[in-house]
1. Arrange the residues M1, M236, M135, M49 by how much accessible surface each exposes, largest first, with a 1.4 angstrom probe.
2. For a test of the definition: using alpha carbon positions, the gyration tensor, and the 1.5 limit on a/c, classify the range 3-142 as rounded, prolate or oblate.
3. Which residue, K86, K223, K199, tops the fluctuation ranking in a GNM of the chain built on C-alpha contacts under 10 Å?
4. Between I193 and V24, 0.36 nm times their residue separation minus their Cα-Cα distance comes to what?
5. With an 8 Å Cα cut-off and a minimum separation of 6 or more residues, compute the relative contact order for the range 164-239 in percent.
6. Which cross-chain or sequence-distant (5 or more) residues have an amide H under 5 Å from the amide H of V107, H modelled 1.01 Å from N in plane?
7. Collect residues whose amide H, placed 1.01 Å from N in the peptide plane, falls under 5 Å from the amide H of E119; neighbours closer than 5 in sequence don't count.
8. Can you tell which of G80, V60, N17 lies farthest toward the positive end of the dipole of the range 3-142, using +1 and -1 charges on the Cβ of basic and acidic side chains (Lys, Arg; Asp, Glu)?
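The values are calculated or read from the model by the stated rules, or taken from the named source; none is laboratory data. Model, not experiment: these values are computed from the prediction. Every residue, glycine as well, gets a Cβ built from its backbone with ideal geometry; the counts of neighbours run over all protein chains shown. Ligands, DNA and RNA are stripped out before the accessible areas are found, and what is left, the full protein with its side chains, is counted by its heavy atoms. Shrake-Rupley method; radii C 1.70, N 1.55, O 1.52, S 1.80 Å.
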Amino acid sequence: MFSAVKEFGVTGRAIKNGLVTVDVIDLRQFGQGNYRQIDDRPFGGGPGMVMLAEPIIQCVSQLKRKYGDEIPVMYLSPQGRRLEQKQINQFSNLSHFILLCGRYEGVDQRALDIIRAQEWSIGDYVLSGGELAAMVLIDAVVRQIDGVLGNCESIHNDSFANGLLDCVHYTRPQSIRGRSIPDVLLSGDHVSIEQWRLKQSISRTWERRPDLLENAELDEQQKQILEEIQNEQRVMEKP
Ligand code: ADE
């Protein structure tokens, strides 16, 4: 599964350029008995299987011997704290971390306690396993690492980079099926273009994710634009 991040796109290129390493470890290597068992039936009954504690503890111990006792372990699960850009930025400053992907019904809680795992979710929906969630986290972290993206502008303008959603984008041709692009984008006036983009970004955030604006630290110019947008809306709502 991990060839998606190891071989393709931005993450694949970052790995090829030696900016980041992603090692995938098959827990079955630490499995028990002839069948290399890594799961068993849940105590108390119920459907599904639970991942055994011992293979996980042994695997993490081996990695701690290699990378140091303090290496953070993150367990991906829908029960975890929801990941946001803020945490992704923090993770991108870590030299190493371990991602534990659960399968089946989950992991024996004692393993999570012993390895002192942080539990993280990528959203309020359930995936069949932690691997896709881990890949989401890897992609989001890797693109924050210096030198990974060609034009470093690109992360500064990302949605969430400044607590706001990204603005709208247009490319050629100038007109499609009778729809043209806003004139300001053809004006060549970079100050006006930046202001227009900021207003777009704030008004999108206000319409789609007002919750983000409650926590965003807006500067004076941004506050003023938000007020302008709110006033324009009030005028439009008047009968
Ligand atoms: N594993 C299954 N669902 C998940 C989710 N929403 N986030 C992280 N890991 C998961």
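1. On the way: M1 125, M236 155, M135 20, M49 60 Å².
Output order, biggest surface exposure first: M236, M1, M49, M135.
2. Numbers: a/c = 1.71, a/b = 1.45, b/c = 1.17.
Prolate shape, in that a/c is at least 1.5 and a/b is the bigger ratio.
3. K223
4. Numbers: separation 169, 0.36 × 169 = 60.84 nm, distance 4.45 nm.
Difference between extended and current length: 56.4 nm.
5. Working: 39 pairs, mean separation 26.0, N = 76.
In percent, rounded to a whole number, it is 34.
6. M51
7. Counting only residues 5 or more places away or on other chains, the set is Y75, R81.
8. Going by the charge dipole, the pick is N17.
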